[in-house]
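The values are calculated or read from the model by the stated rules, or taken from the named source; none is laboratory data. Source: prediction; values computed, not measured. Here the Cβ positions follow ideal geometry from the backbone for every residue, glycine too, while neighbour counts run over all protein chains shown.
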């Protein structure tokens, strides 16, 4: 039989009246003569296939819309590097139209030569099995106008094909900003490193040399200097210097004199392209600087001038705004370092003077020879006050005269024959008026007096006459001589008065031996007052701990007594408690007074304060027994403390006692970064740290004392 065959799609109607698509296949059956004898019809429901095809069409349209609107330049790449498909963002990035790109251009046409080999290697390797190739990286893109863009590329191979899809994000502006940020960050890091190095310098001369070295290096200068303010003489004294020839170390600059003096006067930075051509140049500096470019920066702290930095370099390299900014930031760091070093040296001077007073006190109490005692006093005064000569004259009430007894620093023996009546000369006037006589510059005095010849011969310029008074009676006059003008600070005067008081006591002791005990008590009280005053001064600097030293002193002593520490050691424990944070004079204000959490670098600087305390107090014999608390109060019972990581009973008992009291008081005090803890919470913390931070036995005694209260 022969067959006729037809097929096609046609709609059919269900019983419910809905129409559904079918695929119809009809076959005509014929007999051997070719006559139709039957018709075979096969109908297949193709509703699901039609729906799938419709979904596919919608999907293609959707993905094309996504491709064109991804927000980034996107392209399809063939294995042979041809770009087969591109979106509008790529057209905008490249400067070419889709008609110019698709099937006609390769992605290699858009890559700078230096990046091309790397990109080709990635392209080929990406299509090989087992190859690990970056899918995200950066390269440089060339557009139609030959402009170069920094591009972040993300590329993936389309599964089951050798084709890949690539998204290109233009990060040119971000790269430029990042580069600028990196440069700024590098500069800031350099400044930070320099700053940390500077604040660790406590020797002023070394510090000034370092300041100049770093300042010149920061801006590639050829030379420079730093001049620091002498507040007594109101001049700037040349400190560290580089590139100057034959400049004396004691060179001084007046306000308004040259670049340095102008910066001081105006309290602002000055940039000069040609120093010699500058109308305000100082003639004496022209030979050293000449036609070079120069910049002067004030070194200031809290509105007060500490000094001036001056840097110069060749005239064909004038200083830029960035140079000025760098040096201004550096000057701020230098100001902190200089202030810190000055504060440390001030404290060191105070300690030396305290030690001198103690030595004088010991001489007074240990010798009945007045001359030996006063010789020690004279020697300590010359060293501590940094003056040229000192003399002491005794008052003889019967003769109403002042007679030389001892002195030092004179070029001749003439002063040894001094004998003056009350009211005669500056010395007699001091005794008569019972007030300090201060002549800052004797060369300006026109009044004739008995010692004028001696003063001319000795070339003295400045004079102090201090009456020695005890029990309301004059016993002598202490004289200070210096061969340059002298206008000292109040703390210098305070020490002079204290020393004068000791001299008067020494004289009175020899005159009235039975008053020795009372005199020694007065001196000890003065000594302790100085220590307490110093502790208060430290708290004024670190205001968040104000009153801390006084509060911890009493409880520390109570625990020490209860634990059986000998009475003679309690005084040392008291001093150690008062001076426990003396090492913080070596910590810069930016760290000490920081309201928030310290950085790792700042914390490393802060952890050095027990070491600084040891370096300061170890120089003073009288305070060596008090070192345990300042040096070791941050050690922990379990060995995790600092600075030496001592463990258990390796830690001195005084430090173990103080560690508990210190934390107890600190937790119950307000801090910038937290409020004070309630007593119950602080007490619970102490208990929890027993055996870890604290000596369990000390905690036990501490709790007993608190329970008794």
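Any idea which residue in the stretch 216-246 is surrounded by the most Cβ atoms within 10 Å (Cβ to Cβ), counting only those that are outside any strand (DSSP E or B) and without any contact (Cβ under 8 Å) to a residue 60 or more places away in the chain?
Here is the first cut: in the stretch 216-246, the ones outside any strand (DSSP E or B) are 216-222, 231-234, 243-246.
Restricting the remaining residues to those that are without any contact (Cβ under 8 Å) to a residue 60 or more places away in the chain gives 217, 234, 244-246.
Numbers: 217: 14, 234: 11, 244: 17, 245: 8, 246: 6.
Ranking the candidates gives 244 first.
If you check 579, 555, 570, which single one turns out to be closer than 26 Å to residue 702 by Cβ and free of Cβ contacts under 8 Å to residues at least 24 places away in the same chain?
570
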Exercise. If you scan the stretch 458-475, which residues turn out to be assigned to a strand (DSSP E or B) and on the phi > 0 side of the Ramachandran plot?
Worked result: none
Problem set entry | Filtered residues of the stretch 76-103 (kept if over 18 Å from residue 153 (Cβ atoms) and either in contact (Cβ under 8 Å) with a residue 60 or more places away in the chain or part of a helix (DSSP H, G or I) (or both)) | 88, 98, 99, 100
Seminar exercise, completed: Counted residues in the stretch 372-381 being within 11 Å of residue 406 (Cα to Cα) and either in contact with a strand residue (DSSP E or B) (Cβ under 6 Å, 6 or more places away or on another chain) or not assigned by TED's automatic domain parsing to the domain that holds residue 406 (or both) come to 3
Exercise. Taking the stretch 144-166, which residues are exposed (fewer than 13 other Cβ atoms within 10 Å of the Cβ) and either part of a strand (DSSP E or B) or within 52 Å of the chain's Cα centre (by Cα) (or both)?
Worked result: 144, 145, 146, 147, 148, 156
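Go through 610, 625 for me and flag whichever is surrounded by 23 or more Cβ atoms within 10 Å (Cβ to Cβ) and either assigned to a loop (DSSP other than H, G, I, E, B) or in the same structural domain as residue 690 (by TED's automatic domain parsing) (or both). Steps first, answer last, please.
Numbers: 625 fails: surrounded by 23 or more Cβ atoms within 10 Å (Cβ to Cβ).
Exactly one of 610, 625 is surrounded by 23 or more Cβ atoms within 10 Å (Cβ to Cβ) and either assigned to a loop (DSSP other than H, G, I, E, B) or in the same structural domain as residue 690 (by TED's automatic domain parsing) (or both), namely 610.
Here is a yes/no grid of residues against (1) under 46 Å from the mean Cα position of the chain (by Cα); (2) under 17 Å from residue 423 (Cβ atoms):
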site	(1), (2)
372	no, no
378	yes, no
381	yes, no
387	yes, no
394	no, yes
397	no, yes
402	no, yes
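Name the residue that is nearest to the chain's Cα centre (by Cα), counting only residues in the stretch 483-501 that are part of a helix (DSSP H, G or I) and within 17 Å of residue 347 (Cβ to Cβ).
First pass over the stretch 483-501, keeping only residues part of a helix (DSSP H, G or I): 490-501.
Applying the additional criterion that residues be within 17 Å of residue 347 (Cβ to Cβ) yields 490-492, 494-495, 498.
Values: 490: 30, 491: 28, 492: 30, 494: 33, 495: 33, 498: 37 Å.
For the stretch 483-501, the residue satisfying everything is 491.
Can you tell me which residue in the stretch 406-424 is surrounded by the fewest Cβ atoms within 10 Å (Cβ to Cβ), limited to those that are more than 53 Å from the chain's Cα centre (by Cα) and outside any strand (DSSP E or B)? Quick ask: steps written out before the conclusion?
The first filter runs over the stretch 406-424 and keeps only residues more than 53 Å from the chain's Cα centre (by Cα), leaving 413-414, 416-424.
From the residues that got through so far, the ones that are outside any strand (DSSP E or B) too are 413-414, 416-418, 422-424.
Numbers: 413: 7, 414: 14, 416: 12, 417: 9, 418: 20, 422: 18, 423: 13, 424: 17.
The residue in question is 413.
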Exercise. Does residue 645 qualify as being on the phi > 0 side of the Ramachandran plot and touching a residue at least 12 places away in the same chain (Cβ under 8 Å)?
Worked result: no
For this session: Specify which of the listed residues (637, 664, 677) is touching a helix residue (DSSP H, G or I) at 6+ places or on another chain (Cβ under 7 Å), assigned to a loop (DSSP other than H, G, I, E, B), over 15 Å from residue 576 (Cα atoms) and touching a residue at least 24 places away in the same chain (Cβ under 8 Å).
Result: 637
Exercise. Has the stretch 694-702 got at least one residue that is assigned to a loop (DSSP other than H, G, I, E, B), closer than 30 Å to residue 354 by Cα and in contact (Cβ under 8 Å) with a residue 24 or more places away in the chain?
Worked result: no
For this session: Identify, from the list 308, 286, 299, 263, the residue that is in a helix (DSSP H, G or I) and touching a residue at least 40 places away in the same chain (Cβ under 8 Å).
Result: 263
Exercise. Just for the stretch 108-143: of the residues that are in a helix (DSSP H, G or I) and in contact with a strand residue (DSSP E or B) (Cβ under 7 Å, 6 or more places away or on another chain), which one is surrounded by the fewest Cβ atoms within 10 Å (Cβ to Cβ)?
Worked result: 115
Exercise. Only one of (1) in a loop (DSSP other than H, G, I, E, B); (2) modelled with pLDDT under 75 fails for residue 54. Which number is that?
Worked result: (1)
